[in-house]
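Chemist: This is the structure, below, for whatever I ask next.
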Amino acid sequence: MKKIIKICIILSLSFILTGCVDCLISLNYSKIKKPTLYSELTIEPQVLEKYNMSIAQIKKQLLEYDFFKDWKIKKQTSSSLSIEAPASFIKEISQLKKQNNKYILTININKKILDTSELSHYKNTLKLLNSSNATCNFKITMPGTIISSNIGKYQQNVVTINLFEIFIEGNDLSFRVISKKENQQLLLYFIVLIILAIVILTLIFIKKRQKE
């Protein structure tokens, strides 16, 4: 994995001058029993041309690593690649617990899985990337509405984490997100009350019209 990180950082420095790279990693827990971890990498065509590379070649090189043997890697377009993690990997790095009507998600990416210590040598490069058009975001989708997160910015049920900032500050890849799901029974109760109120008012109105 260290080799992959080095290659990505070195290439990214060139992307600042010659084009743009976008990397989105999405962990979706909206379907509690079937969470997904999906990533998409987009590289400007002129950058691929400059380095005499292709998305197909990048896909082939990734598949040569044992780490990715169970992952689904697909070429989306001539300049984009999608990567989907197996359920076993999601289970290894994350855990979702339910307490009453709250969901608590903890994510801990062990250095044995992804050692980011090499990135300390590329802080200036990462700062340049962070201030450029390049983006590298990690989005977490939760069941219910998010009420707290120890990192990133959240709105409704999605937390967005800028990975460049995480790597620049040298933070551990450990996150904790809490969401709250509305009580469905309480919501149903209010709906029934509203319907009953409408029915009662309608009956009163009809009887009043009949008397007239």
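Chemist: I need the full set of residues from the range 87-129 which are out of contact with any helix residue (DSSP H, G or I) (no Cβ under 7 Å at 6 or more places or on another chain), at pLDDT 75 or above and part of a loop (DSSP other than H, G, I, E, B), in order please.
Modeler: Asn100, Asn101, listed by residue number.
Chemist: Could you list all residues from the range 128-162 that are open to solvent by less than 40 Å² (accessible area, probe 1.4 Å), under 17 Å from Ser39 (Cβ atoms), touching an Asp or Glu at 6+ places or on another chain (Cβ under 9 Å) and not aliphatic (A, V, I, L, M)?
Modeler: Cys136
Chemist: Which residues, counting only those in the range 51-86, are in a helix (DSSP H, G or I), open to solvent by 60 Å² or more (accessible area, probe 1.4 Å) and in contact (Cβ under 8 Å) with a residue 24 or more places away in the chain? Show your work before the answer.
Modeler: Step one: of the range 51-86, the residues in a helix (DSSP H, G or I) are 55-63, 66-68.
Then drop every residue that is not open to solvent by 60 Å² or more (accessible area, probe 1.4 Å), which leaves 57, 59-61, 63, 66-67.
Matches in the range 51-86: Phe67 only.
Chemist: Condition first: part of a strand (DSSP E or B) and within 27 Å of Ala87 (Cβ to Cβ). Now tell me which residues in the range 27-50 satisfy that.
Modeler: Here is the first cut: in the range 27-50, the residues part of a strand (DSSP E or B) are 27-28, 36-43.
Answer for the range 27-50, where residues must be part of a strand (DSSP E or B) and within 27 Å of Ala87 (Cβ to Cβ): Leu27, Asn28, Thr36, Leu37, Tyr38, Ser39, Glu40, Leu41, Thr42.
The values are calculated or read from the model by the stated rules, or taken from the named source; none is laboratory data. What you are looking at is a predicted structure, and each value in this text was computed from that prediction instead of being measured. All Cβ positions, even for glycine, are placed from backbone atoms using ideal geometry, and neighbour counts span all protein chains on display. Calculation scope for accessible area: heavy atoms of the full protein, side chains included, ligands and nucleic acids excluded. Shrake-Rupley method; radii C 1.70, N 1.55, O 1.52, S 1.80 Å.
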